């Protein structure tokens, strides 16, 4: 049993995740980008004395890199979010800057990333080898070190943020309307992975050296039989994580990879400066000037318009 | 207007409720309520453009006369587009339904219909994508957010994808840049494959294909109307300007939307162009064959866009021009900026645009070889090449509406403002959340500006109108300027409904008013013929 849950399932999940994601990226990559269609969110580059918006309307690759970095690291577009309200009394539409979603989304993603990085310690080969950066991160993150065991800031943030994201989906009638089961599943899965992690830390303590041994054996493709003392708290946490991994490529979670490929964000607005090539640009039936003049020649002559053929 | 919506503005505003009344959207329900949808295209226009399944039908008919293999056709077009557009495949896969886009759509804000939330609009299509093109969708069906493609689903698509003006506002706020415009474009291509078209896209496209412009103006009538404008400029200023048509060897080919020479208040912008070009002594020409800047093909399909746009480069080459100058238009500039060079270029028979007046080389247009008129004019003003008298616009208290495509598919935000600040003394911005990249659509773009769709247009235009109302109350704004022909066509109706008394104008109408011309008369009236003494102030 321990081999099944400790070795077989993680391998299956890992391969499904990697294979699935690569397949999705390959599938997206196979479709060409026929047109240069950035959404321009600022002044384009035109005359030298007009200041262009380098990051919101980039005209070269460096600008695009900046725009994408802002998008991926700081959720630039989501930061613009507003909400609308109709004031019937004054008959006015009022838009207010609404950063709750941005804040929750950003907090969730960053906290999750830190937690994932924190878990890297289980696959670092030796104890002395824990990289400096990882140490630094852990000490910054573990602000509540007075508690035993250490409570990490990222753990608190991730739960609060996920809680908010779930709450708004359930409580807001508009969000309820647009939500599908596949919108609740990832939230619940993530919460369950995190919850089982908490339970393991606080109640069903496991021997971390044994976890580490198993983890290293798996990532080095030399799987061992898991130590018997690894309790079911550990296997529950691992199983839920594996389900999340395997579910990933088939769900909306692929936005993680997809966002890099989005043509409205990752292209420069320079299609008047440089010709963009469409690989399938096929010929179409056009109405030529000759056909046009043939149809209207007499009328054109009467109106004294110049003609190609008299 | 016979189809004017019967709801009073206050009633419409009170009627908006953002709490969804339905439980979910998976069951297709759609009611073609009068005033909220567009009529179909006529068979003869479909046939002229060789479009499939030409027939006469209407959305409110029970039987839409679909071909027997409609389902296979729609799905095969979907598969084809998934393989041709990374945007489409990606946008089908990566939405997390975070809801950031939900209240960014002007149709949602103005109607409260939850299916007008951009996320749900896209889900109407995504659900079908999941069913036929993803494994979880095939296995889990409705639980996985997947649904069968049925006639009712198709009808729902027709209703909601012709209730999107492809304005890209939602894509500004989406954390992944998902652009509902792309989704709408693909949906419209799929529907077109089985003959579901609307009249106000296919008819202008057919006209444009045949006569060179959407309004179907034949060459001699085009010449007449330009001559008429020349006469009018003479009446207003005492100066006889020249307006060459189809002139070979001209340095610059000028192309503007056809409404500029055939509709009001566009007409006054046309007068502004003519005055400006005369004063500069510009060596340019109009063209009858390429007499349309706008491109309703953009609202129809990739191929139609390419077919109509082809005339621009072809005509510039035939006439032997050096570069192209483009007038004030919205979606035209999306096509020029993001599509033209790719679909119909390279234009290596043209030269990198250089302003003959200032010597400025427009490096930003070095490949496309087409310059926006506000870039051209801003450069003139910056080089002190124009004598301007902004006092002649003192009767206007001006605000500026960024049109969707110039703002979000090009990024031309400063040039029009620079010009306005130079030609008028009273310029006021609408609130930040409603201008520049956050701008709100007129509510009638992308082919939806028809009379039968009036209620939806007034609803979709509400956010824009409400922002105008704000500056009107605060600063006494009485004119809404814009650089888009669709805007100039539909905003007057929108203003009459929500803010009666506010006029609509193009940028170059105000340029024309302010422009001092050598040898002019005392200019007693503005370009609209209103005497300067008479205006209330």
Averaged across the residues of B:331-340, what count of C-beta atoms belonging to other chains lies within 10 Å of each residue's C-beta?
3
Bins of 10 Å, beginning at zero and ending with the bin holding the largest distance: percent of Cα pairs per bin for the range B:205-534, please.
6, 28, 37, 24, 5, 0
Distance between the C-alpha centers of the range B:39-82 and the range A:26-48? Whole Å please.
31
Over chain B, calculate the relative contact order: mean separation of alpha carbon pairs under 8 Å at least 6 apart, over the residue count, as a percent.
17
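Is the C-alpha gyration tensor of the range B:125-189 telling us rounded, prolate or oblate? Criteria: a/c under 1.5 is rounded; beyond that, a/b larger than b/c is prolate, otherwise oblate.
Details: a/c = 2.76, a/b = 1.42, b/c = 1.94.
Since a/c reaches 1.5 but b/c is at least a/b, the shape of the range B:125-189 is classed as oblate.
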Give me the inter-chain shielding for A:246-255: mean count of other chain Cβ atoms within 10 Å, whole number please.
3
Using 0.36 nm times the number of residues separating residue B:248 and residue B:385, minus their current alpha carbon distance, what extension gain do you get?
46.6 nm
Report, in degrees rounded to the nearest 10, the 0 to 90 angle that the Cα long axis of helix B:485-498 makes with the longest principal axis of chain B.
80
Under the classification rounded if a/c is under 1.5, otherwise prolate if a/b is larger than b/c and oblate if not, where does the range B:379-432 fall, given a ≥ b ≥ c as square roots of the Cα gyration tensor eigenvalues?
oblate
Fewest Cβ neighbours within 10 Å first, please rank A:115, B:201 accordingly.
A:115, B:201
In degrees rounded to 10, the 0-90 angle between helix B:302-319 Cα long axis and the longest Cα principal axis of chain B is 20
R0 of 45 Å, Cβ-Cβ distance residue B:475-residue B:21: FRET efficiency to nearest 0.05:
0.70
Hey, in the GNM for chain A with a 10 angstrom Cα cutoff, which one of A:286, A:159, A:211 fluctuates hardest?
A:286
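Give me D for the protein assembly as shown in µm² s⁻¹, whole number, from Stokes-Einstein with Rh from the Kirkwood sum over alpha-carbon pairs, 20 °C and 1.002 mPa s.
Values: Rh = 29.0 Å.
Once the numbers are plugged in, D ends up at 74 µm²/s.
So, R0 is 22 Å and r is the distance between the beta-carbons of residue A:90 and residue A:172; what FRET efficiency does that work out to, to 0.05? Could the numbers behind the result be given before it?
Values: r = 25 Å, r/R0 = 1.13.
Taking R0 as 22 Å, the efficiency between residue A:90 and residue A:172 is 0.35.
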What number does the range B:467-537 give for Rg over Rh if you use C-alpha atoms and the Kirkwood radius?
1.02
The rounded separation in angstrom of the Cα centers of the range B:406-456 and the range A:178-242 is 54
Can you give the Rg to Rh ratio for the range B:50-95, taking only C-alpha atoms and Rh from Kirkwood?
1.12
What FRET efficiency comes out for the pair residue B:43/residue A:27, r = Cβ-Cβ distance, R0 = 35 Å, nearest 0.05?
0.35
How are the Cα pair distances of the range B:1-124 distributed, in percent, across 10 Å bins from 0?
10, 27, 35, 24, 4
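Restricting to Cα pairs below 8 Å that are 6+ residues apart, what does the relative contact order work out to for chain A? Please round to a whole percent. Please report the intermediate quantities before stating the final value.
Values: 300 pairs, mean separation 95.9, N = 310.
Dividing the mean separation by the residue count of chain A yields 31 percent.
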Which angle from 0 to 90°, rounded to the nearest 10, does the C-alpha axis of helix B:199-211 make with the longest principal axis of chain B?
50
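Starting from 0.36 nm per residue, how many nanometres of slack lie between residue A:160 and residue A:70 once their C-alpha separation is accounted for? Don't skip to the end; give the middle numbers.
Numbers: separation 90, 0.36 × 90 = 32.40 nm, distance 2.38 nm.
Net length gain for the segment: 30.0 nm.
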Taking each residue in B:213-225, count the Cβ atoms of any other chain within 10 Å of its Cβ, then average. What number comes out?
3
Label-point separation in nm, residue A:61 to residue B:429, each point 7 Å along Cα→Cβ:
3.4
Quick check on the range B:205-534: of the DSSP beta bridges with both residues there, what percent are antiparallel, nearest 5%?
15
Which peptide among A:71-81, A:10-20, B:123-133 comes first, and what is the full order, when sorted by highest mean count of other Cβ atoms within 10 Å?
B:123-133, A:71-81, A:10-20
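Please give the per residue volume of the convex hull enclosing the alpha carbon atoms of chain A, rounded to a whole number of Å³.
Values: hull volume 86.4 nm³, N = 310.
Cα-based convex hull of chain A, divided per residue, equals 279 Å³.
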Computed helical MRE - 222 nm, the protein assembly as shown, DSSP H runs ≥ 4 contributing -39500 (n - 2.57), nearest 500
-14500 deg cm²/dmol
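Of the beta bridges DSSP finds with both residues in the protein assembly as shown, what % are antiparallel, to the nearest 5?
About 35 percent, rounded to the nearest 5.
What shape does the range B:359-454 have by the C-alpha gyration tensor, where a ≥ b ≥ c are the square roots of the eigenvalues, rounded means a/c under 1.5, and otherwise prolate means a/b greater than b/c and oblate the rest? Kindly include the intermediate steps, with their values, before the conclusion.
On the way: a/c = 2.09, a/b = 1.23, b/c = 1.70.
Oblate is the answer for the range B:359-454, as a/c is 1.5 or above yet b/c matches or exceeds a/b.
Rule-based calculations on the coordinates, nothing more; no lab input. Quantities reported herein were computed from a predicted structural model and do not represent experimental measurements. Cβ atoms come from the backbone with ideal geometry, glycine included; neighbour counts cover every protein chain shown.
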